[in-house]
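Note sheet for the following structure.
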Amino acid sequence: MLKSLHIGRYVTAPDDLRALAEFLEAIGFERLVGGDGRSAVFAAPVGMLSVNALPSEYPKEVLDHLKDVNRLIVLEVSNPDDAFAIAQKQQLKVLADSASPKTGERSFSLALPGGVIVTVHGQPEVQPSGMAGDLAAEGKRFAIVVSRFNAFITERLLQGALDGLKRTGARIEDIEIMRVPGSFELPIAARTLAESGKFDAIICLGCLLRGETAHYDVIVNECARGIGQSAQETGVPHAFGVLTCDTLEQAIDRAGLKMGNKGFEAALTAVEMASLKKVASQEKKSSEVGRRSSGKAKKRPVRDQAKKATKRR
């Protein structure tokens, strides 16, 4: 019998509709295809109809705005703090905000454009624990492969990478630098170093600037594919510090100016991945030892029964 439920809210100004739609999309509503400049239809992962009597302890700030209770929309979110940050960024008026000290559930009410009142509530999601690497380079060896082409940029990336390794505890004698003609040669050099077994991680640095032909696309694709393939097949972490920019100005910004230094970032990635590989290896060994110990424990009673049977004879 019942096929669907549609509850509408109405605003009078197109600007109010636009602001309301932006907030709903920002917190996770899916905007359905269709509608026009005066309507927008949204879908939520889970929907339900709730009929309630407002409790006496309902915040007065909200009750004052609920001359018509049909203006109220109640939303449950997975992370209310993020939703509240979105509301603040969009400069929406906060009518009430409270949190439970026992459960950690947060609830806040907003006055949205068009006279719509929204109460948002939920508990922060508890993320499962997992393995992670740290930024500790002590006792590890690193190799840096750097392209000579566009040396004006790549040498800045190299200095950033060295700075990142030193700041995380790497010794200068534990860092090997190899220079190659261009970014196309980075993968083979990185694989050679990885297969030597001497290094915990490889850092690849280069700079490619788009030109007027398809040469740029060919080199970018082969460089990225080769470095990724080398990391997968050797099992040694590779950090991708190759700039792929349209202009020289973009490359300069990413080699120590507005956008930071991508060589420094690649170094931190290499340190963390080298640490993570060590953590994962230790976890694997512990699991194997646990399985072997469990197998031995299960076999002992069988031997004990055999000994008892021999004694009876």
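Values computed for the structure shown
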| quantity | calculated |
| --- | --- |
| Qualifying residue in region 145-157 (condition: of a type in the set (A, V, I, L, M), out of contact with any helix residue (DSSP H, G or I) (no Cβ under 9 Å at 6 or more places or on another chain) and at pLDDT 90 or above) | yes |
| Those residues of region 122-178 which are under 30 Å from Val74 (Cα atoms) and of a type outside the set (Asp, Glu), in sequence order | Gly122, Gln123, Pro124, Val126, Gln127, Pro128 |
| Region 262-274: number of residues that are in contact with a Lys or Arg (Cβ under 8 Å, 6 or more places away or on another chain) and either acidic (Asp, Glu) or under 21 Å from Arg171 (Cβ atoms) (or both) | 3 |
| Number of positions in region 72-104 that are open to solvent by less than 70 Å² (accessible area, probe 1.4 Å) and under 20 Å from Gly47 (Cβ atoms) | 8 |
| Single match in Val116, Val77 (criterion: closer than 26 Å to Asp15 by Cα, β-branched (Val, Ile, Thr) and in contact with a Lys or Arg (Cβ under 8 Å, 6 or more places away or on another chain)) | Val116 |
| In region 114-140, the residues that are buried (at least 16 other Cβ atoms within 10 Å of the Cβ) and within 25 Å of the chain's Cα centre (by Cα) | Val120, His121, Gly122, Gln123, Gly133, Ala137 |
| Ala21, sole failed condition from (1) open to solvent by less than 80 Å² (accessible area, probe 1.4 Å); (2) modelled with pLDDT of 75 or more; (3) of a type outside the set (Asp, Glu); (4) outside any helix (DSSP H, G or I) | (4) |
| Residue satisfying all of: in region 247-259; of a type outside the set (Lys, Arg) and free of Cβ contacts under 8 Å to residues at least 24 places away in the same chain; most open to solvent (accessible area, probe 1.4 Å) among these | Glu249 |
| Odd one out for Ala143, checked against (1) touching a residue at least 40 places away in the same chain (Cβ under 8 Å); (2) open to solvent by 20 Å² or more (accessible area, probe 1.4 Å) | (2) |
| Failed item, numbered, when Ser230 is tested on (1) within 20 Å of Ala143 (Cβ to Cβ); (2) of a type in the set (S, T, N, Q); (3) under 29 Å from the mean Cα position of the chain (by Cα); (4) open to solvent by 60 Å² or more (accessible area, probe 1.4 Å) | (4) |
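The values are calculated or read from the model by the stated rules, or taken from the named source; none is laboratory data. These figures come from a predicted structure and were not determined experimentally. Backbone-built Cβ (ideal geometry, glycine too); neighbour counts: all protein chains shown. Calculation scope for accessible area: heavy atoms of the full protein, side chains included, ligands and nucleic acids excluded. Shrake-Rupley method; radii C 1.70, N 1.55, O 1.52, S 1.80 Å.
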